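For reference, the structure is listed below as structure tokens.
The values are calculated or read from the model by the stated rules, or taken from the named source; none is laboratory data. Fair warning: this is a prediction, and the values are worked out from it, not measured in the lab. Counting neighbours? That spans all protein chains shown, and the Cβs are built from the backbone with ideal geometry, glycine included. To get the accessible areas, we keep the full protein, side chains included, count just its heavy atoms, and leave off ligands, DNA and RNA. Shrake-Rupley method; radii C 1.70, N 1.55, O 1.52, S 1.80 Å.
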Amino acid sequence: MINNICSYARIAALLTLIVFALTLAIGAQGPTTFVVNTTDDINHGSCLTDPGGCSLRDAINAANDDGNFPTIDFDIPLVMARNNAPSAVMTIMPRTLLPQITTPVFIDGYSQPGASPNTLPVGDNAVILIEISGALEGSGDRPDLVPLFDGLVLAPKSVGSTIRGLVINRFTGNGISIQSNNNEIAGNFIGTDATGTTTVDVNGALGNGIGIQIGENLSGNEIGCTFAEMRNVISGNLGDGVSILTAPFFFRTQSSFVRGPNLVEGNYIGTDLSGTLLVDADNNPLGNGDAGVSVFEPFVLARPARKARVAFFSATNIIGAGGAPVGRPLLRSRRPDDAIPSPPGNIIAGNAGVGVSIVGFDNVGNLISQNSIFSNGGLGIDLDNGFVPTRPSQPLPGTVTPNDFMDGDNGANTLQNFPVITSAKADGPNGTIDGTLNSTPGSQFTIEFFSSPSCNDVAPNDYGEGQTFITSIITDTTDVNGDLSFSLSELSLIAGQYLTATATDEFGDTSEFSQCKLITSVGIPTTMSITSSANPSVFGQPVTFTATVADLLPPPIAAKNAAAAPSDGTPTGAVNFFENFTPIPGCQNVTVDGSGHAVCLTSTLYVGNHIITANYTPTGPFLASSGSMTGNPQVVGKAATTTTITNAAGLSSTQIG
């Protein structure tokens, strides 16, 4: 049922396209493009009549006056780069609030010469050259009237806008405030510098108050997506990375369901642009100061009877997998035909609060799927009823919500019960998981399984997070007591890691993470390390990656348990090598030799950074393992070249190195 929501997003996009076509048909001359060509914050007037000075403030005012789906592009000359910023980064520092955006607009930071969107399915190599900084906020007239200073504001009539290719930092309010439906926020760095690697510079913290906020009772907004170029890096903000204000279920309008859910997909929330680092080079934390993603229902004193829910319409916010592009992106996304798909789940890590927070007694229909949630300061997922005068505040914020018989309680995401994992066994490619779920009688659920190298120690009794998505199942129907059991097999699990799971009902209500279950061995556990023969290297240079697989048992124990293996317990099998999680050609199914080594020789790595990993597939009694290269990433530079110049007579020549 959950995936049917996506069709409503597509319908919303189609309706927007029809409106746009009708606008052109009745005499409009097509969208106008306003080009920002200065970093100053002066209101020069119309960008069209004063092409020598079009500030961002000018462009927003002109776009609002135009009202015909305008575009705001950038072409700021290099001489305007700030002294303390990289030479090509153009920093715009408003002294007073920028005008709110009151018409559908397409703001494209990637139009600045030299800028380019991300092309990596994992990681982010975007080059963003337009920075909007709140460093001078309130330094204009009457700063006392602006206690919280937002960066860009999409006002109620801005339906179907796109903001992409911008660095937005240092605003005391929201970096981006969304107050309309069906907007796209794509390919931005929110709360970091232009490199996406730090949240601090010589002038202090770069974070906004909140990274991105979606206002109350809105829908169809898309933060990131399942295309690489749309990934946002949202880190270092003082509060939440992404905040969604949702109306109580009984106040939501039917049209909000038809517009489709708000989507938060494919973003890095709390990490650097690689998605792997939680601190910068100076050990400054990159995480947001509160939750990675928060869905908050404002306090309501009077609560009418709960509406009947229809599964087809009920998921109102999707965090991770399960959505589809919506609204304006289908009109003028500038997305190439060969756009690179990327994983739908967000990486939500390193945040000071919980990973995902769902707050409010009637805050239901929040689907949380296939994300990588780890190393946060609180629970991976927290369902919190908030303050309800007529009911005790249960569960307490930041604590595990205990399961109840037949899941009869109400609250955030209906306080959906989580699964109970009874067994997790690693056995090469034949690993198994067993467990149970007690919830609503006569219902089916989606259960997702995750592994992590450690269990979240924030909560008592080892209730965890979920760093690596493994698989999901749709269960059988629960019996009259709400009980069901599940059993999975043929899984590649890693002994010594921890397994967790979530349950999602047919309405899109996802539970908190289950209690951790240690994955135990059926055979001999192994470990893997990877080294490089040359790091850094240059383009075209052959590089040898050597994976060393070793057992994790002392030699006498390993030999005793390895009847089909060499007497010293050396692992046997094969290794697959990957760069940026993509198979390296010629380095698949590499046999592990008698010393436990597998060797990958390649000269195909392009210029840039490459995360090198490998997976070990065992034979005999050994268990699968994986590893990453010591000193990751592999850095590949440009190769040196020589040019030979010979005169026409062939009498002499000069070499230039």
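Listed values, structure above:
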quantity: Test: Phe34 is over 28 Å from the mean Cα position of the chain (by Cα), modelled with pLDDT of 90 or more, assigned to a strand (DSSP E or B) and within 22 Å of Lys157 (Cβ to Cβ); calculated: yes
quantity: Residue match in region 303-317 (condition: at pLDDT 85 or above and in contact with a Pro (Cβ under 8 Å, 6 or more places away or on another chain)); calculated: yes
quantity: Evaluation of Ile210 against (1) more than 12 Å from Val264 (Cα to Cα); (2) in contact with a strand residue (DSSP E or B) (Cβ under 9 Å, 6 or more places away or on another chain); (3) touching a residue at least 60 places away in the same chain (Cβ under 8 Å) (one fails), failing number; calculated: (3)
quantity: Search result, residues across region 57-78 that are open to solvent by 20 Å² or more (accessible area, probe 1.4 Å) and under 11 Å from Pro99 (Cα atoms); calculated: Arg57, Asn61, Asn64
quantity: Residue that is nearest to the chain's Cα centre (by Cα), among those in region 597-611 that are modelled with pLDDT of 95 or more and crowded, with 20+ Cβ neighbours inside 10 Å; calculated: Cys600
quantity: Unique residue being open to solvent by less than 10 Å² (accessible area, probe 1.4 Å) and not in a strand (DSSP E or B) when the list is Asn417, Asn410; calculated: Asn417
quantity: Selected residue (criterion: least open to solvent (accessible area, probe 1.4 Å)) from residues of region 433-447 that are assigned to a strand (DSSP E or B) and without any contact (Cβ under 8 Å) to a residue 60 or more places away in the chain; calculated: Ile447
quantity: Selection count, region 90-111, where residues are outside any strand (DSSP E or B), open to solvent by less than 10 Å² (accessible area, probe 1.4 Å) and farther than 19 Å from Asn181 by Cα; calculated: 2
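So that you can scan it fast, the table gives a plain yes or no per residue for (1) open to solvent by 10 Å² or more (accessible area, probe 1.4 Å); (2) modelled with pLDDT under 95; (3) among the acidic types (Asp, Glu):
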residue	(1), (2), (3)
Ile358	no, yes, no
Phe361	yes, yes, no
Ile373	no, no, no
Gly386	yes, yes, no
Thr422	yes, no, no
Lys425	yes, yes, no
